[in-house]
Amino acid sequence: MTAESQALTPVEHSPVGALAHDARGGLSNPVLGMLLFLVSEVMFFAGLFAAYFSVRAAAPQWPPADFGDYLHVFPLAGPATAILVLSSFTCQLAVWSIRRDDRNGFIRNLAVTVVLGIVFLVIQGSDYIMLWTEGLTLDSGIYGSTFYTMTGFHGAHVLGGVIMLGVVLYRGMLGQFSARHHDAVEAASLYWHFVDVVWIALFSTLYLLPGTAGGG
């Protein structure tokens, strides 16, 4: 056996060796890259929330009188929140499954996560249709603009997450992930959990936070 052949390792032979876990417990490049990306996303959404609360504080009444009953117009917002939270649990179940090398459990749970994400987007689209029917559009002053901007950007992130998880699911069905090689799964799950947390903050802010009156 030559010195060159002795230098080869199992990871180097693997077609997905670039995604192999660091046996010493360090962060892999995909996971580290996702964490750095999420830091930028936190700052992005923090800016949106800061702008929203700044506008809200300056308004004499919030929401404006014409749209004070918007909570009653969107009875699906609560179930949509529950669906997205549930999808975060199924996503984590998929991660735990692949860590145990349970590929069937991984594929099953990730498929459920993708479906739940699509259902959430359908519900959000239905809410938008109801919004426009009730007269709240992008042209409805600062309230309509902030509502659509915040929920719209989040919806775009959910769509991106569904596509990301769909790609991971497809690769999983091809057998590209195992207990040793699943960093792409971990990275995608971090993104999905982030999307879930942001929606909880949005739902609490836009739907549950009491309004203000008389210079709030």
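The values are calculated or read from the model by the stated rules, or taken from the named source; none is laboratory data. Here the structure is a predicted model, which means the values were calculated and not measured. Glycine also receives a Cβ, built like all others from the backbone with ideal geometry; neighbour counts cover every protein chain displayed. Each accessible area value is taken on the protein alone, full model and side chains, heavy atoms only, with ligands, DNA and RNA left out. Shrake-Rupley method; radii C 1.70, N 1.55, O 1.52, S 1.80 Å.
Values as computed for the structure displayed
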item	result
The stretch 89-115 - residue that is small (Gly, Ala, Ser) and surrounded by fewer than 20 Cβ atoms within 10 Å (Cβ to Cβ) and, of those, farthest from Trp199 (Cα to Cα)	Gly105
Members of the stretch 136-156 found to be open to solvent by 40 Å² or more (accessible area, probe 1.4 Å) and of a type in the set (Phe, Trp, Tyr), listed by number	Phe153
Which listed residue, of Leu159, Leu190, Leu209, is free of Cβ contacts under 8 Å to residues at least 60 places away in the same chain, open to solvent by 30 Å² or more (accessible area, probe 1.4 Å) and farther than 17 Å from Phe120 by Cα	Leu209
Pair list, Cβ < 8 Å and 6+ apart or interchain, from the stretch 126-143 residues that are in contact (Cβ under 8 Å) with a residue 24 or more places away in the chain to residues that are open to solvent by 100 Å² or more (accessible area, probe 1.4 Å)	Gly135/Asp66; Ser140/Asp66
Residue match in the stretch 120-128 (condition: charged (D, E, K, R), part of a helix (DSSP H, G or I) and open to solvent by 80 Å² or more (accessible area, probe 1.4 Å))	no
Residue match in the stretch 10-30 (condition: surrounded by 10 or more Cβ atoms within 10 Å (Cβ to Cβ), under 30 Å from Thr151 (Cβ atoms), within 25 Å of the chain's Cα centre (by Cα) and at pLDDT 80 or above)	yes
